[in-house]
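First the structure, in the form of structure tokens, and then the observations on it.
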Amino acid sequence: MRALTFRIFALVMLLALPAQAFETNARAAWVYDLATGTELMETNADEPLPPASMSKLMTLYMLFEALDEGRLQMDTRLPVSTKARQMQGSTMFLNEQDRPTVEELIKGIVVLSGNDACVVVAEGLAGTEAAFARQMTERGTAMGLTNSTFVNASGWPDPRHRMSVRDLGVLAQRLITDFPEYYPYFAIREWRFDNRAPANRFNRNPLLGLGIGADGLKTGHTQEAGYGLVGSAVQGNRRIIFVVSGLESDKARAEEAERIVNWAYRQFTMKTIIPKGEVVAQAPVWLGSASKVGLTTDDGVKVLIPAGSQAGVTAEAVFRGPIEAPITAGDKLGDLVVNIPGAGTSRLPLYAASDIRRSGLFGRLQSAAFRLGERAYQAAMN
């Protein structure tokens, strides 16, 4: 077995203007294109920072998991403790006589940024907020949130409560892809719980309603953290996710977020370079009923081309071969390495396009003889 590499193609794009790097005013930022899996920009993306209310997304993720697993239902009512009632900052103005439903708590967290709602959820799922915070950290680690530590459910200031903007972005991606049935809650612009606190009935996301495709996710603000936003927007067949943190005002947050969305959609063009189902390479097969097997990707390959890119996009199939039979369609056999000038390199898995059964005795003897001859030739050449 040896590593084999095949150049699939070189795609040349000649456009008018060079892609402009985005210079952010945020302390930390991360921008990601979901359709192609491309990171468009990062600034201090892995620095653990105070996330403020943006970390409520982890509380929601764990609540959605509980709903999916049947541990809660949307109409399940949860008790309100004295601790929850005493929470300050943004709240639903819950009291100990309330028994809000899970759906009301979701809206209370998303739209009202209710710190009290977060405590109700934490205590309802884990008994205590401290126990829930430990579970948040463990679950986050399992999800790949490598720079996140949680000590509460609401993002209330604590020197140990930290998340990086990349972790927040990865969490946003998981919320969108893992729970599409719950994601529409993030686009609710106004909601009032039991006619309480009319001044706190509006979603703080400044992009909702601007007509740019924004539909989530969560703002955050404390004196230490500054103003931040985990946002997402969809235009056509592209969705972007972005995170900004450490801005000086809600006005600066709104302007920076809108600027990022416009940049991400205007400075990159999405191209389909390999259609879904297309065989991109043929890999040699050892001891099989056929001498080759086609390699294909799951959903084809789409890439973002920076505006004005003058160099070519290249793709290479990399696998170890020849591949020994039997082979089942869908087996992962290698990787497609796509290099995009100005946007880096990405690797996508390559799968067998068809079944290849193991050959009979005569076929295996032929293959063995051929293989021995090939090795002898290689030895002579060396």
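Derivation of every value follows stated rules applied to the coordinates shown; laboratory data play no part. This one's a predicted model, so the numbers in the text were calculated from it and none came from an experiment. When we count neighbours, we look across all protein chains shown, and the Cβ atoms used for this are built from the backbone with ideal geometry, even at glycine.
Report the charge-dipole magnitude of the chain in Debye, nearest 20, computed about the Cα centre from +1 at each Lys and Arg Cβ and -1 at each Asp and Glu Cβ.
In debye, rounded to 20, the chain gives about 900.
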Review point. Within the chain, what percent of beta bridges assigned by DSSP are antiparallel, to the nearest 5?
Key: 95
Check your understanding: For L112, L125, what's the fewest-to-most ordering of other Cβ within 10 Å of each Cβ?
Key -> L125, L112
Point to revise | Tensor-based shape of the stretch 202-301 (alpha-carbon gyration tensor, a/c under 1.5 rounded, otherwise prolate or oblate) | key: prolate
Review point. How long is the gain from K251 to D298 if the chain were fully straight, where each residue apart is worth 0.36 nm and the alpha carbon distance is subtracted?
Key: 12.7 nm
Review point. With the dipole of the stretch 28-266 worked out from charges on the C-beta (+1 for Lys and Arg, -1 for Asp and Glu) around the Cα centre, which of N200, I241, L67 lies farthest toward the positive end?
Key: N200
Check your understanding: Given a cut-off of 41 Å, what percent of all Cα-Cα pairs of the chain lie beyond it?
Key -> 30
Point to revise | In the chain, lysine pairs closer than 21 Å at Cα, eight or more apart or cross-chain | key: 12
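Please identify the trypsin sites (Lys or Arg not before Pro) of the stretch 128-187 that satisfy two criteria: DSSP loop assignment and at most 15 other Cβ atoms within 10 Å. Which are they?
R160
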